Amino acid sequence: MKISNILLATDFSDGALHALPYAVDFAKTSGAKLHLVHVIYDVALATGMHIPHTSLDVLYKELEDTSRANLEAYALPQRKDITNVVYAVVRGVPHEEILKYATSKGIDLIVIGTHGRTGVDRLFFGSTAERVVRGASCPVLTVRKPA
């Protein structure tokens, strides 16, 4: 199996940071392009609430600019040997956008950290990683954050 494109989905959490070495190692071993993807959760889209459009545009522009800068600096020391990196900041519902990105870019492997939530936390926050696993057309490596 040839791996040419690896997607690391990150929300900048400790769980996502723990998944990074796996994505980097796979990219180094296979010579694959590493796609670092961050999804800005679109509250209006997810909830259907009406929020004044102009204020949202300004807010999302600032979030996108900040997220892009954070993504480009994200764990730079750990991925210093990887030169073929693509940075993407998208807006929407995280699992949906990760799956769309993976399909549109021909991703061969998705690496995603999990928070290991259970019980009420899982009920309220759901699991982006689980939804990605269920919907992905390529293999997904989930990396659980140590307890």
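The values are calculated or read from the model by the stated rules, or taken from the named source; none is laboratory data. Since this is a predicted model, take the numbers as computed values, not measurements. Note that each Cβ is placed from the backbone with ideal geometry, even for glycine, and that neighbours are counted across all protein chains shown.
Which count do you get for residues in segment 72-84 that are assigned to a helix (DSSP H, G or I) and of a type in the set (Gly, Ala, Ser)?
The first filter runs over segment 72-84 and keeps only residues assigned to a helix (DSSP H, G or I), leaving 72-73, 76-79.
Those still in the list that are of a type in the set (Gly, Ala, Ser) too: 73.
Going through segment 72-84 one residue at a time, the tally reaches 1.
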Name every residue in segment 65-105 that is surrounded by fewer than 16 Cβ atoms within 10 Å (Cβ to Cβ) and among the acidic types (Asp, Glu), in order of residue number. ASP65, GLU72, ASP81
Every pair of residues 6+ apart whose Cβ atoms lie under 9 Å, when the first sits in segment 86-106 and is of a type in the set (Asp, Glu) while the second is surrounded by fewer than 17 Cβ atoms within 10 Å (Cβ to Cβ) and part of a helix (DSSP H, G or I): GLU96/ARG131; GLU96/GLY135
Being closer than 16 Å to GLY113 by Cα, more than 11 Å from the chain's Cα centre (by Cα) and either surrounded by 18 or more Cβ atoms within 10 Å (Cβ to Cβ) or among the small types (Gly, Ala, Ser) (or both) is the filter here; which residues of segment 16-41 pass it? TYR22, ALA23, VAL24, PHE26, LEU34
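Results for (1) modelled with pLDDT under 85; (2) in a loop (DSSP other than H, G, I, E, B), shown as yes or no for each residue.
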| position | (1), (2) |
| --- | --- |
| ILE51 | yes, yes |
| ASP57 | yes, no |
| ASN70 | no, no |
| VAL86 | no, no |
| ARG91 | no, no |
| HIS95 | no, no |
| TYR101 | no, no |
| VAL120 | yes, no |
| ARG134 | no, no |
Restricting to segment 106-115, name every residue that is surrounded by 19 or more Cβ atoms within 10 Å (Cβ to Cβ) and part of a loop (DSSP other than H, G, I, E, B). ILE107, ASP108
Segment 1-15 - residue that is outside any strand (DSSP E or B) and under 14 Å from the mean Cα position of the chain (by Cα) and, of those, nearest to ASN70 (Cα to Cα): PHE12
